[in-house]
1. Exactly which GluC sites (Glu not before Pro) in the range 1-99 are in a DSSP loop and have at most 13 other Cβ atoms within 10 Å?
2. Given contacts defined as C-alpha pairs under 8 Å and at least six residues apart, what's the relative contact order of the chain, whole-number percent?
3. Sequence-distant or interchain residues sharing an amide H contact under 5 Å with residue 147, placed H: which?
4. Roughly how many Å² of residue 46 are accessible to a 1.4 Å probe, to the nearest 10?
5. Please sort by residue number the trypsin sites (Lys or Arg not before Pro) in the range 88-161 whose DSSP state is loop and whose Cβ has at most 16 other Cβ atoms within 10 Å.
6. So, for the chain, what is the accessible surface per residue at a probe of 1.4 Å, expressed in square angstrom?
7. Using θ = phi - 60° and the Karplus curve 6.51 cos²θ - 1.76 cosθ + 1.60, what whole-Hz ³J(HN,Hα) does each residue of the range 184-198 get, with Gly and Pro shown as x?
8. What's the extension gain from residue 104 to residue 244 if we count 0.36 nm per residue and subtract their Cα-Cα distance?
Amino acid sequence: MGKLDGRVVFITGAARGQGEAEARLFTAEGAHVVLADVLDEQGGKLAEELGALYVHLDVSREDDWTAAVAAAKDAFGRVDGLVNNAGILRFNELVGTPLEEFQLITQVNQVGAFLGIKTLAPEIEAAGGGTIVNTASYTALTGMAYVGAYTASKHAVLGLTRVAALELAGRGIRVNAVCPGAVDTPMSNPEGADPGAIEELYRTLVPLGRVGRPEEVARLALFLTGEDSSYITGQPFVIDGGWLAGVSVL
Ligand code: NAD
């Protein structure tokens, strides 16, 4: 018995990173997974490997959502789970951030999550209820210098999570957020960065002494998508190796 037997779960940004790990784990746990991304080649290959469905989806476009959900329903008849995982990150000092960059990050991270909830909540309700897991961040709960637009967008994702949980509980839908710290994916490993320096950074910065693994975030998303979290809604779940716990002075 898998923890998601018979479920149909739509995962955005599923071509790589945490979304890929979630797609792999959810498939192994018996779900029919719909992988959505803008990286069509990578996403298509992964879906083929998993025996899943790949759909092209730019999360910031409402017409893309409509088409992608129609394709998912054609394939599986319904959707009863959503993981809003797609996101982008840019580094910039707040006062030096071009408006276009701020708007792009907002559009993908915040508007993308909003459109996912808006498009899929009625489908999940029609399927008899289910779950939505939004991917916020450690930066949904605290500030981080030089990622101002990203931080603002992730605070917004947490706000959306709480409001959606309140409004959708009566419709049989639980809504929670994962809040990862630093996780070893292409987002946190810019090309050309020295792996030794990155390892050393997290060894000193994070109480558990290392960067997180996408598979660890996937296990949290599984918990929030499956029955093990049946009485939980509207909550942020920090997964950060203890980074947010506080500071150490010695
Ligand atoms: P990643 O860059 O490896 O994966 C992000 C995925 O989202 C990619 O497949 C990308 O193609 C897709 N994507 C980007 N823009 C999109 C769009 N407009 N429409 C559809 N798909 C789009 O990064 P990741 O670390 O796996 O990130 C997954 C989520 O986790 C993001 O929301 C990110 O903000 C969040 N997060 C990551 C970390 C980290 O340290 N890696 C920490 C906290 C939160």
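1. 93
2. 19
3. Amide H neighbours of residue 147, under 5 Å, 5+ apart: 92.
4. 10
5. Passing sites in the range 88-161 are 90.
6. 48
7. Coupling constants for the range 184-198: 6, 9, x, 5, 9, 10, x, 3, x, 5, 6, x, x, 5, 5 Hz.
8. Taking residue 104 through residue 244 to full extension adds about 47.7 nm, to one decimal.
The values are calculated or read from the model by the stated rules, or taken from the named source; none is laboratory data. Bear in mind the structure is a predicted one, so any value in this text is a computation, not a measurement. All Cβ positions, even for glycine, are placed from backbone atoms using ideal geometry, and neighbour counts span all protein chains on display. SASA here: full protein model, heavy atoms, side chains in, ligands and nucleic acids out. Shrake-Rupley method; radii C 1.70, N 1.55, O 1.52, S 1.80 Å.
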